[in-house]
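Here the structure is laid out as structure tokens; the discussion comes afterwards.
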Amino acid sequence: MTSTPSQNSAIDHHREEFPILGFHHVEFWVGNAYQAAHYYRAIHGYRIVGYSGPETGVRDRASYALQQGDVRLLLTSTLEPNGEIAEHFKLHGPGVKDVAIHVPDAEAALDYTLSHGAEVVTKASITEDDRGKWKSASIKAYGDTVHSLIENPDIMWPPPGFRVRSDSIAVPIGLERIDHVVANVMLGEMDAWVDFYERVFGFVLLRHFDDEAISTEYSALMSKVVWDGTGVIRLPINEPAVGLHKSQIEEYLDFYRSPGVQHLAIATSDLVSTVEAARERGLGLMSVPDSYYDEVPTRVPDLDVDVATIKRLGILVDQDDGGYLLQIFTRMMQDRPTFFFEFIERRGAIGFGEGNFKALFEAIERDQAERGNL
Ligand code: FE2
């Protein structure tokens, strides 16, 4: 399902009142930010460009700012036994705390969201150092996740107050920007969260998939995608659907103990090179059954990449009206079966790999069965 002309004028109207520039960064709260930063540098090729902690006057936490292309990540862990980060980690394990949105005016953005029913987490404030300044505020999203609204016209990164580091060790693997961020929410709550993004951000429904489109013998989910109307923000929202066994969304909710971010999709313009590099470094990727590739030439007639190459690398491919896309999913990024990454190369397609859901879920279920959670 795509947006209609009347929805588009609704988007234009909202976007004038509440302009959005795109994803700004994503912050993870983890158990050991130092080691996580080195993992993302060694395996995913991110440069460690900034640090904040006791050495910079911050007493309770340590944060590492990472960058590759326009993808900006923050990894934060607590230095204390109690407090919000310790509590968050105890409950959820490592995970995404903040999906930060880049806006031209943080105060106006906060006012808009609050007047449309959002709940404030932090009021608008300025942070600055001799490199420049940011204005930011934040609001509550699903579970314990927040959305910071960040006014940062020069896209200064790392954030103000961080010690800038140069990183000559990292070797990028072609990751360019955040394509979409996926939420898992509780059974029966998907529509309420779609409504939240429509109301609070002025987003519209881009498409939806019911449990028949996205189901296997064992498990199913429902998914709706909201977007800003221009493509800079795309947020799929999943809820579990009833299957023979526990769905992967339920498994996530059981282990994360609340709604939260399931995966971050990062765009690359050459997925084959990205995956070659990632595999060489030992990045764990989801396995795909060989039989998946038998149907590829029929399913994706426009494909101009060698089927043998994508089969060797475990790359998935899907076609829609606009063209096709290549995508691959990593294994879980932590011991709990919660968060993972996707890498995606769009060649005209605007979808999310719906045609792959079945193949993907079958692969996920094999792993789930191995953990005894199917
Ligand atoms: Fe995705």
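Some observations on this one:
- Subset of the stretch 321-335 [within 14 Å of the ligand (Cβ to nearest atom) and more than 10 Å from Arg346 (Cα to Cα)]: Ile328, Phe329, Thr330
- Restricting the stretch 182-202 to residues that are among the charged types (D, E, K, R) and under 16 Å from Ile20 (Cα atoms), the residue that is surrounded by the fewest Cβ atoms within 10 Å (Cβ to Cβ): Arg199
- Applying the condition of being open to solvent by 30 Å² or more (accessible area, probe 1.4 Å) and in contact with an Asp or Glu (Cβ under 7 Å, 6 or more places away or on another chain) to the stretch 137-153 and asking which residue is nearest to Ser258 (Cα to Cα) yields Lys140.
- Selection count where residues are within 26 Å of Ile85 (Cβ to Cβ) and open to solvent by 70 Å² or more (accessible area, probe 1.4 Å), scope the stretch 156-181: 3
One line per residue, one yes/no per condition, for (1) away from the ligand (no atom under 16 Å from the Cβ); (2) out of contact with any His (no Cβ under 6 Å at 6 or more places or on another chain); (3) aliphatic (A, V, I, L, M):
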position: Glu280; (1), (2), (3): yes, yes, no
position: Ser287; (1), (2), (3): yes, yes, no
position: Tyr293; (1), (2), (3): yes, yes, no
position: Pro297; (1), (2), (3): yes, yes, no
position: Val305; (1), (2), (3): yes, yes, yes
position: Ile310; (1), (2), (3): yes, yes, yes
position: Gly351; (1), (2), (3): no, yes, no
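A quick yes/no check of all residues on (1) small (Gly, Ala, Ser); (2) more than 30 Å from Val194 (Cβ to Cβ); (3) buried (at least 20 other Cβ atoms within 10 Å of the Cβ):
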site	(1), (2), (3)
Pro259	no, no, yes
Ala278	yes, yes, yes
Leu283	no, yes, yes
Pro289	no, yes, no
Thr298	no, yes, no
Ile344	no, no, yes
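- Qualifying residue in the stretch 221-236 (condition: over 21 Å from His25 (Cβ atoms), away from the ligand (no atom under 16 Å from the Cβ) and either at pLDDT 95 or above or surrounded by fewer than 16 Cβ atoms within 10 Å (Cβ to Cβ) (or both)): no
The values are calculated or read from the model by the stated rules, or taken from the named source; none is laboratory data. All figures in this text were calculated on a predicted structure; none of them were measured in a lab. All Cβ positions, even for glycine, are placed from backbone atoms using ideal geometry, and neighbour counts span all protein chains on display. Protein only, heavy atoms only, side chains kept; ligands, DNA and RNA dropped before computing areas. Shrake-Rupley method; radii C 1.70, N 1.55, O 1.52, S 1.80 Å.
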